[in-house]
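The values are calculated or read from the model by the stated rules, or taken from the named source; none is laboratory data. This structure is a prediction, so every number in the text was calculated from the model and none was measured. Cβ atoms come from the backbone with ideal geometry, glycine included; neighbour counts cover every protein chain shown. Just the protein is used for accessible areas: all its heavy atoms, side chains included, with ligands, DNA and RNA removed. Shrake-Rupley method; radii C 1.70, N 1.55, O 1.52, S 1.80 Å.
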Amino acid sequence: VMDRSETERGIDLTQLWGIFYLRWRIIGAIFVAALVIAVITQILRTSPLDQAATEIVVPIPVPETYTASSVYAVIPVIGDDDAAATGEAIRLSQALTQTYRYALTTLSVRQALVEILGLEMSPWEVPDHVEITVEPGTQFITVTGTMDTAGEAIAMANGYADALSASDAYSSVVLGNLRVNLEIVERAEVASRVVGPSDPVTPVIVTSTSRVVSVVLMFGAVGLFIGLLAALFVEWADGRANWPAQVSARTGLPSIGSVRDQRRTEPGIEPFRAAKARINGALPRGPHGRSLLITSAHTGEGKTTVVSNMALALAEDGSSVVIVSADVRSATAIEANWPGLDDRNGLSEYLNDPSVSLDDILSETPEPGISIVTRGRSPDMVVPRVDSERMNELVHGLSERADWVLFDGAAALESADAARLGPLVDGTVLVVDGRHTTLSSAESATDVLSSAGATIIGFFHNRTRGNPVARMLHQELA
């Protein structure tokens, strides 16, 4: 028997998925309702004019910038009276124009520019704000600065003259007897605004269909979230023992087997073969037969069906099985499965009449190897003698005659019969119904039987809810 204090009561991911799978109708209903509300809301809030519109233009503001340009010239230093020398100097100046253009892009000049102008940028960022071009076949260089303000753009365009003067390498170039300088011939005075607040901006086209779809998707997501929360709340409020793992976590009992919820068909024998293997492990074979009480928390939880199928599984290997119909408070008895046994001596006659022997109350059934002790003709007389010495003699006497003695006991929470009978047998199995038994009922029944001294070897989960993830990861079958 598991120690309940060592079991986990939390919900892992597979159990969470099992809850969502089980409550999919609730989740689906709330999700669909949210979608319908979203569509109706859009229809009511949209005017006929809006419905006819195919698009909405949303302006996207573009940040404004300013640009300013200065023209620099490579000017030779020559005398006024030497015309030939002047022509040759101009040709050499034109040839040196590309050299000066390169000089303006060097790191030393950019560093000098940043320091002189006090720019809040690194020298590596300067090329992003400056464009330097050369007119082919001339000695003119155009410097265009682009900045956030007009003053910064003008300063950027004019600042290269001072930055170049601060550079020792390019402040003055000497070629033979010719010396040339780079000077501003057209200083930037006014900056042009590239994009202003009143200028056309780039539009984004938003169709009315896109707006409706986005609203519907938003409502659908909210509806799905609310549906999941509702499923968790319903599961918490319901409290039924849907899967074996839940029962094990709540009661601390191991599962000896489970049968899926099959409303239209009877359960097969295979789950009870698995239960048989676990019972054999829990109750090792001794010199006499083994006795087992099968009970449940309440009536109507499939206990009698489990007893019948368990008897068939135990008798398959040739073992002899005796079923004792000890649920005298139920409206129907297990012997109803075999008509013609109601009028025979049974449990009530044996407990109240010492002259009645075991041979007088044992009745054969059509199933090979299975006998039954009915409730008898006076079931009410069984109640006061459930835990009597005579009942103890019955348990030992049947254990000497058969390999297995199965007691179909009363519901543990509806009478004290199961708690009184539990200590007299070798082991007790609690039947838990996935559609009717609550986790609190299973826990209470476990406490009642354990407190009375019964040895609970585990529980059998009847009508386990059909969840593929729960079956794969939480099933208790072999």
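Per-structure values
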| quantity | calculated |
| --- | --- |
| From Thr251, Thr295, residue being within 19 Å of Glu335 (Cβ to Cβ) and touching a residue at least 24 places away in the same chain (Cβ under 8 Å) | Thr295 |
| Among (1) more than 19 Å from Arg187 (Cα to Cα); (2) without any contact (Cβ under 8 Å) to a residue 40 or more places away in the chain, the one test that Glu131 misses | (1) |
| Of all residues making up segment 378-414, the number that are part of a loop (DSSP other than H, G, I, E, B) and open to solvent by 20 Å² or more (accessible area, probe 1.4 Å) | 6 |
| Given (1) within 19 Å of Ser308 (Cβ to Cβ); (2) without any contact (Cβ under 8 Å) to a residue 24 or more places away in the chain, index of the condition Val405 fails | (2) |
| Wholly within segment 298-375, strands (runs of 3 or more DSSP E) carrying at least 3 residues that are crowded, with 18+ Cβ neighbours inside 10 Å | 321-325, 370-373 |
| Of all residues in segment 198-246 being at pLDDT below 65 and open to solvent by 80 Å² or more (accessible area, probe 1.4 Å), the one that is nearest to Asp261 (Cα to Cα) | Ile205 |
| Residue that is farthest from Leu398 (Cα to Cα) [pool: residues in segment 433-456 that are in a strand (DSSP E or B) and modelled with pLDDT under 95] | Thr438 |
| Which listed residue is acidic (Asp, Glu) and more than 19 Å from Ile372 (Cβ to Cβ), from Glu316, Glu301 | Glu301 |
| Selection from segment 427-441 of residues that are within 22 Å of Ser308 (Cβ to Cβ) and surrounded by 20 or more Cβ atoms within 10 Å (Cβ to Cβ) | Thr428, Val429, Leu430, Val431, Val432, Asp433, Gly434, Thr437 |
